[in-house]
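A.B. asks: Below is one structure. I have some questions about it.
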Amino acid sequence: MDHTRAPLFDRMLEHRKLQSTSFHVPGHKAGVGIDPLATDVLAAVMSIDLTELTGLDDLHQPEGVIREAELLAADCYGADHTFLLVGGSTVGNLAVILSMCQKGQNDLFIVQRNVHKSIIHGLMLAHAQAVFIAPQVDAATGISTGVSLIDVESALKQHPEAVGVILTNPNYYGMGVNLRSIIDRVHAMDKPVLVDEAHGAHYGFHPEIPQSALFAGADGVVQSTHKMLTAMTMGAMLHLQGNRIDPQSVRRHLSIVQSSSPSYPILASLDLSRRQLQLQGRSLLGNALDAMNRLQQNMATTMPWFQVIGQETTTKDSKVSQVPHTTQATQVQASHTPQAYTTLDPLKITIGDRTGTLGGFELQHQLEQHRCYPEMADPHYVVLALSLVTREQDIDRLLLALRTISIEFQLDKQELSLTAKHSFTYPPISDPVSFSMQPILTQTAHADADLPYIEATIKEAVGHVSLQAITPYPPGIPILYPGERVSVAVAEQLQLWIQSGARIHGLTENGNMRISRS
């Protein structure tokens, strides 16, 4: 296949050169009607903001250039089928879950507990049930990672009727687990595995970056091409291999959950991102890895008060020496502290203040004052995402910001602590949770209706059933699902997030919860 082509994008440029008169949507008429104040910013993009014109194909029934773009993407990633997505990884997760439901009602899935909320929404739409497997917790950081093979085996043994297994790998922090052993075990029971690999679209394209879920044998893999590669926001891909997930069923469900007016600029950016990765990915990723190594080495030698996940730490006489994490292999070597992950994305850097002076949200705020905007924060850490186009000057600005913050808060004069961060754990394997919850969805959608729910403070909610998903965002992973009972541990963790400055989706304007009266 000719991977130098970007067939959809090339055809869109050809259409623009026609300088034709538009009697079709969208109403801005190829940017002619754009607000003059926005011309410099949006005009170029809007000039190719097209629709299903002759020669531009149809995303929901691709037979021309979109079909060719999907075939090129499948060949690039080693998939049997690839679907371009304009609704993010969310629509890919929804479509695959709906496709995996054979009976259409009360299907049961084995699900990693710390999945993105789109997985839960897919289960709701499918009226499915889930048996949740708690993720392992990394002892050094308190961060939830991936599930263990033992727990997956146990869940399958307890629930052989499960129609499939749903995993997330890597997590938001770039931590991953050995997927191949898990997938092989699930396949031994002839069940499909869906992996939400939203943060791993670059996996497998450089020897110093972990291999992809497709390489590990996953049946369905959803990737947010916009996160770590160069597609526009909401640009994603869904890859299938093998015969356990029906591609025609997936296509049908995608036509339901995706817009009937898909964004052609997003589609074009997916086409171009694939071509860039295929032709230049290894060299661009190599440059980004060099930049990351320089960042980590500089921090290790000049700012040891910052904990960097992936760097080994030791103490002697209250002083800290750090060995920079090397990306020469995808397997992270075990240190003196047990790790709950086996792979680490070298383009994600997670930083914490080991003096305890700055929590994660405060460190994020300080970095933003220096015009360095992290991907996310939690109560303890800040996560920064590089990509294959991160530049040396970007690293220089970040290092300057960290040095300035260190001076301002006198971090070099503070006592360092190696105390593990507070961790939050779930029971290893849950009882089945039903997501056939139309009554609950109705209640939460009509807050002014006379329905059996009450509003309560988080403390008052302990022991009651939540009627909404409660989700710190980012990363968009629910700490509590609709229908789950609020435990003391969950309430304490929620209070920690709130006190740290996190945004919590699902709480009322007053910071309360909607719970069942029963």
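Yes or no, residue by residue, for (1) in contact (Cβ under 8 Å) with a residue 12 or more places away in the chain; (2) assigned to a strand (DSSP E or B):
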{"position": "146", "(1), (2)": "yes, no"}
{"position": "150", "(1), (2)": "no, no"}
{"position": "156", "(1), (2)": "yes, no"}
{"position": "162", "(1), (2)": "yes, no"}
{"position": "165", "(1), (2)": "yes, yes"}
{"position": "171", "(1), (2)": "yes, no"}
{"position": "182", "(1), (2)": "yes, no"}
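A.B. asks: Pick from the range 225-250 the residues that are among the small types (Gly, Ala, Ser) and open to solvent by less than 40 Å² (accessible area, probe 1.4 Å): which of them is nearest to the chain's Cα centre (by Cα)?
C.D. replies: 236
A.B. asks: Filter the range 295-328 for residues that are under 28 Å from the mean Cα position of the chain (by Cα), modelled with pLDDT under 80 and open to solvent by 70 Å² or more (accessible area, probe 1.4 Å) and give the result.
C.D. replies: 312, 326, 328
A quick yes/no check of all residues on (1) open to solvent by 20 Å² or more (accessible area, probe 1.4 Å); (2) in contact with a Leu (Cβ under 9 Å, 6 or more places away or on another chain); (3) touching a residue at least 40 places away in the same chain (Cβ under 8 Å):
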| position | (1), (2), (3) |
| --- | --- |
| 368 | yes, no, no |
| 371 | yes, no, no |
| 383 | no, no, yes |
| 390 | yes, yes, yes |
| 397 | yes, no, no |
| 400 | yes, no, no |
| 406 | no, no, yes |
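A.B. asks: Six or more apart or on different chains, Cβ atoms under 6 Å: show the pairs whose first residue is in the range 246-262 and touching a residue at least 60 places away in the same chain (Cβ under 8 Å) and whose second is surrounded by 17 or more Cβ atoms within 10 Å (Cβ to Cβ) and assigned to a loop (DSSP other than H, G, I, E, B).
C.D. replies: Matching pairs, first to second residue: 258/87; 262/59; 262/86.
A.B. asks: Within the range 30-78, restricting attention to residues that are more than 31 Å from the chain's Cα centre (by Cα) and at positive phi, which residue is surrounded by the fewest Cβ atoms within 10 Å (Cβ to Cβ)?
C.D. replies: Applying the filter and picking the extreme gives 55.
A.B. asks: Where in the range 48-134 are there strands (runs of 3 or more DSSP E), lying wholly inside it, with at least 3 residues that are over 30 Å from residue 26 (Cα atoms) and not polar (S, T, N, Q)?
C.D. replies: Answer list for the range 48-134: 108-112, 129-133.
A.B. asks: What is the one condition in (1) within 15 Å of residue 219 (Cα to Cα); (2) touching a Leu at 6+ places or on another chain (Cβ under 7 Å); (3) surrounded by 24 or more Cβ atoms within 10 Å (Cβ to Cβ) that residue 93 does not satisfy?
C.D. replies: Result: residue 93 passes all but (2).
A.B. asks: Is it the case that some residue within the range 49-61 is under 25 Å from residue 195 (Cβ atoms) and of a type outside the set (S, T, N, Q)?
C.D. replies: There is at least one residue in the range 49-61 that is under 25 Å from residue 195 (Cβ atoms) and of a type outside the set (S, T, N, Q).
A.B. asks: Starting from residues that are over 21 Å from the mean Cα position of the chain (by Cα) and of a type in the set (A, V, I, L, M, F, W, C), keep the ones in the range 251-273 and report whichever is most open to solvent (accessible area, probe 1.4 Å).
C.D. replies: Filtering first and then ranking leaves 256.
A.B. asks: Say whether the condition of being in contact with an Asp or Glu (Cβ under 9 Å, 6 or more places away or on another chain) and β-branched (Val, Ile, Thr) is met by at least one residue in the range 212-225.
C.D. replies: yes
The values are calculated or read from the model by the stated rules, or taken from the named source; none is laboratory data. Quick caveat, the model's predicted, so the values are computed rather than measured. Cβ: placed from backbone, ideal geometry, glycine included. Neighbour counts: every protein chain shown. Keep in mind that these areas ignore ligands, DNA and RNA; they rest on the heavy atoms of the full protein, side chains included. Shrake-Rupley method; radii C 1.70, N 1.55, O 1.52, S 1.80 Å.
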